[in-house]
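> What follows is a structure written as structure tokens; I'll ask about it next.
Please treat every number below as a calculation from the coordinates, not as lab data. Note that the coordinates shown come from a computational prediction; the quantities given were computed from them, not determined experimentally. Every residue, glycine as well, gets a Cβ built from its backbone with ideal geometry; the counts of neighbours run over all protein chains shown.
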Amino acid sequence: MFLPRRCCSHAGKARLVAEPAGVLSQVVPRVRQTFERFDAPSAAAAADARLEHFKAAVWPRLQEACAGGGVLLFVPQYFDFVRLRNFLKAEEADFLAVSEYTPYSQVTRARSLFFQRRTPLLLYTERAHFYHRYRIRGIRDAVFYALPEHAHFYSELLNLSEGAAAAAAPGPAPEAAAAEAAAGAQGSVAALFCRYDALALARVVGAARARKMLAAESGTFLFVNQ
């Protein structure tokens, strides 16, 4: 009751709560989008828990996916980028990395080798995309180590994938294209999140979905856009 009795200004008496709708509807290719929730005991321990989950649950699958090439590993934070780069080097993985500090000549080389399938895995930071908006060609599968701070980057990167190019190009009848998409020909997406990613999750999947995903007993959620 302090505001109405003591304050002459109405500022601060009302609060506007935004309910983001998410960006899933902006994804063009028909890809399997899997969101994986992991447990973190605290916000301070979330980075370590994320890395351990990646090593135990994601990296074994990623190694199989890398056999066909075209795997994009998106990392929002530079700190996580350094930890992942060191981990991949220790695993002797065949990969290239593009960050906001990578010289342009090395970026051009990495993009070309990735598109030509001469390197199967590309490690890519959000700030590099924010400042340069590189058009990464040759994406077949994408892994979001964490959800982007700018939600539209999620749909923007997926719309650069080979599935989006196939959907835009003239081709077979819609029925045949739908059958090919259902067979998984257009790749897949995996995104990691925990309860401390609630705001970023809401911006990507929508506030209503985010609340259900954070409260559900299951930790895996699958979306396929129509």
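> Could you give me the ³J(HN,Hα) list for the range 22-37, computed from phi with Karplus coefficients 6.51, -1.76, 1.60 and θ = phi - 60°, whole Hz, x at Gly and Pro?
Each residue of the range 22-37 in turn: x, 10, 4, 6, 8, 7, 7, x, 8, 10, 7, 10, 10, 9, 10, 9 Hz.
> Which whole-Hz couplings ³J(HN,Hα) result when phi for each residue of the range 135-141 is put into the Karplus expression 6.51 cos²θ - 1.76 cosθ + 1.60, θ = phi - 60°, listed in order with x for Gly and Pro?
8, 7, 9, x, 6, 10, 10
> Right, something else. Residue 143's amide H: which non-local residues (gap 5+, or another chain) put their own amide H closer than 5 Å, with H modeled 1.01 Å from N in plane and none for Pro or chain starts?
Sorted by chain and number, the residues that satisfy this are 72, 73, 74, 190.
> Hey, another quick one. From the backbone phi of the range 77-88, what are the Karplus-calculated ³J(HN,Hα) couplings (6.51 cos²θ - 1.76 cosθ + 1.60, θ = phi - 60°) in whole Hz, Gly and Pro given as x?
9, 5, 4, 5, 4, 5, 5, 5, 4, 5, 5, 5
> Suppose each label sits 7 Å from its Cα in the direction of the beta carbon; what would the residue 42-residue 87 distance come out to in nanometres?
2.1 nm
> Using r as the Cβ-Cβ distance of residue 26 and residue 220, and R0 as 22 Å, what FRET efficiency do you calculate, to the nearest 0.05?
Calculated value: 0.45.
> To continue, here is another question. List every residue whose amide H lies under 5 Å from the amide H of residue 97, counting only residues 5 or more places away in sequence or on a different chain, with H placed 1.01 Å from N in the peptide plane.
Counting only residues 5 or more places away or on other chains, the set is 123.
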